[in-house]
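The values are calculated or read from the model by the stated rules, or taken from the named source; none is laboratory data. Remember, predicted model here, so these are calculated numbers, not experimental data. Counting neighbours? That spans all protein chains shown, and the Cβs are built from the backbone with ideal geometry, glycine included.
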Amino acid sequence: MNPTRTLTGQPGPYAQDVFANDRNPAPEVMRLEAPALDLGDEDVSIDRYISRGWHEREVEKVWRKTWQLACRVEEIPSVGDHVLYEIVNDSLIVVRSSPTEIKAYINACLHRGTQLRKTGGSVKQFRCPFHGWTWNLEGRLTDLPGAWDFPHVDQKKACLPEAKVGVWAGFVFVNFDPDCEPLESYLEILPDHFRAFALEDRYKAVHVAKVMPCNWKLALEAFNETYHVHYVHPQVLSYNDDKNTQYDVWPGVRHVSRMISLQGIVSPSLPNISPETTIAHIRRDAPFFAGKPIEVPPGGSARGALADRAREKLSRSTGRDMSKVSDTEAVDLIEYLLFPNMMPWGGYSLPLCYRFRPYGDDHERCIMEIMFLFAKNPDGSHPEPAAIHWLGEDEPWSNATELGSAAMLVDQDTDNLMRIQRGLRATRKPGVTLSRYQESRVRHFNQTLDAYMSA
Ligand code: FES
Ligand SMILES: [Fe+2]
């Protein structure tokens, strides 16, 4: 038994024991369980959620130092295609500058500072709308109207300043720090873990964004544990084992953590649920399992029957043979965090990716985005990647019907987030208290944050 469990007394059955009884065995990466790690039990200071000074330091120490998800490669397939990546007051034009290269330019004219692009799109060059200074896709100044009047500007040197760019698994990352560590080492164990999930073979099919009434870290942290599920999402307890989630924080790994939340298994807090009820309830909430009836064969389990249905559906929707997909990848919620603000999911049941960041310069509101990454066609073709569907600040996530079952859950979380932000302003307690195991990812995230803030 993993000593972590001895420490915390999770009721069981544990994720790894469930996997051992699954019909299709879990891949190696899902059989990994981080060893018990003593991250301490100190309260986490609340100034990080409410203080303006913290936010301003965070810009310098986190947003201008870390690798951040800017877009997907399939959003900028042709030379000249670009998106904007905006973080607090910083803005980058992330552009495909050649068939094999992506660049990220600071989105400001070198004459008098005008924003070069207001939106993404496709261009042959970047022409400033104010006096027409123009840069090519390589970032070189190619036209300076009335150049005779600027003998003091060296046109060869007036290139658009760049941020670093890296690509992994079809995601484009940017980093403002010219001396940053390479993306490859920053990602730590993530590429190894995602080899099985091959996100480079997916495309962004859904993208919904909404301004949330809280600091970005509060929103992010709400998706790092299932300790809150009992009170916030009680409807899922008949098919989601909230009490036996596996939380992985690996020794020496700074930027990545994981949780595996078991589906098709009843929460120990509801002792008398039949497999039929489990199936009926997940079908009620998750359109993925809708359709013709799902029978539990004699001696079978709800989890097994759901995994079979998932494999069947995945084979149909992808045009590939998905009959070998493991039960855990077919039904469980497999969520990773990449510091600071990206949460890519593994497996197939909810092929999600979340991103969180401050809403402009407002540290008490944030932008939360939910993306779905669906499999490309077997020949590599795919529909147009989704444009961002922006919800109004007072609009519920469930207005975005493309989110399916994820929307109701996030709406339930959203109600709490405003209350947390307000509560933290009112409290006299200097820190928030975290559990040792179930909130270990929240603690680990904050310890990494503290390390960056004090660097
Ligand atoms: S500000 Fe851009 S050309 Fe003048
Ligand atoms: Fe939640």
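Taking the criterion of being out of contact with any Phe, Trp or Tyr (no Cβ under 8 Å at 6 or more places or on another chain) and either charged (D, E, K, R) or not assigned by TED's automatic domain parsing to the domain that holds residue 361 (or both), the residues of region 194-247 that qualify are 195, 200, 201, 241, 243. The residues of region 100-113 that are within 28 Å of residue 72 (Cβ to Cβ) and either assigned to a strand (DSSP E or B) or within 10 Å of ligand 1 (Cβ to nearest atom) (or both), listed by number, are 101, 102, 103, 104, 105, 106, 108, 109. Checked against the criterion of being more than 19 Å from residue 434 (Cα to Cα), more than 16 Å from ligand 1 (Cβ to nearest atom), of a type in the set (A, V, I, L, M) and in contact with a Gly (Cβ under 9 Å, 6 or more places away or on another chain), the candidates 262, 190, 183, 237 yield just one match: 183.
Applying the selection to region 350-375, what residues are in a loop (DSSP other than H, G, I, E, B), at pLDDT 95 or above and over 17 Å from residue 220 (Cα atoms)?
361
Among the residues of region 316-324, is any at pLDDT 95 or above and under 19 Å from residue 240 (Cβ atoms)? Within region 316-324, none of the residues are at pLDDT 95 or above and under 19 Å from residue 240 (Cβ atoms).
Based on what the data block shows, is residue 407 of a type outside the set (D, E, K, R) and within 16 Å of ligand 2 (Cβ to nearest atom)? Spelling it out, residue 407 is indeed of a type outside the set (D, E, K, R) and within 16 Å of ligand 2 (Cβ to nearest atom). Only a single item in (1) part of a loop (DSSP other than H, G, I, E, B); (2) crowded, with 17+ Cβ neighbours inside 10 Å is not met by residue 83, and it is number (1).
Within region 223-240, being without any contact (Cβ under 8 Å) to a residue 60 or more places away in the chain and more than 12 Å from ligand 2 (Cβ to nearest atom) holds for 237, 238.
Within region 91-104, is there a residue that is farther than 15 Å from residue 163 by Cα, buried (at least 18 other Cβ atoms within 10 Å of the Cβ) and either acidic (Asp, Glu) or more than 16 Å from ligand 2 (Cβ to nearest atom) (or both)? Within region 91-104, not a single residue is farther than 15 Å from residue 163 by Cα, buried (at least 18 other Cβ atoms within 10 Å of the Cβ) and either acidic (Asp, Glu) or more than 16 Å from ligand 2 (Cβ to nearest atom) (or both).
Residues in region 297-309 that are out of contact with any Phe, Trp or Tyr (no Cβ under 7 Å at 6 or more places or on another chain) and modelled with pLDDT of 95 or more: 301, 302, 303, 304, 305, 307, 308.
From the list 184, 162, pick out the single residue that is at pLDDT 95 or above and under 26 Å from residue 334 (Cβ atoms). Residue meeting the stated conditions: 184. Would you check if there is a residue in region 259-274 being closer than 23 Å to residue 374 by Cα, surrounded by 19 or more Cβ atoms within 10 Å (Cβ to Cβ) and polar (S, T, N, Q)? Looking through region 259-274, at least one residue is closer than 23 Å to residue 374 by Cα, surrounded by 19 or more Cβ atoms within 10 Å (Cβ to Cβ) and polar (S, T, N, Q). Might you check whether a residue that is on the phi < 0 side of the Ramachandran plot, in a helix (DSSP H, G or I) and among the β-branched types (Val, Ile, Thr) occurs anywhere in region 428-440? Taking every residue of region 428-440 in turn, none turns out to be on the phi < 0 side of the Ramachandran plot, in a helix (DSSP H, G or I) and among the β-branched types (Val, Ile, Thr).
Residues checked against (1) away from ligand 1 (no atom under 15 Å from the Cβ); (2) over 23 Å from residue 76 (Cα atoms); (3) in the same structural domain as residue 116 (by TED's automatic domain parsing); (4) touching a Gly at 6+ places or on another chain (Cβ under 7 Å):
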site: 134; (1), (2), (3), (4): no, no, yes, no
site: 147; (1), (2), (3), (4): no, yes, yes, no
site: 173; (1), (2), (3), (4): yes, no, yes, yes
site: 179; (1), (2), (3), (4): yes, yes, yes, no
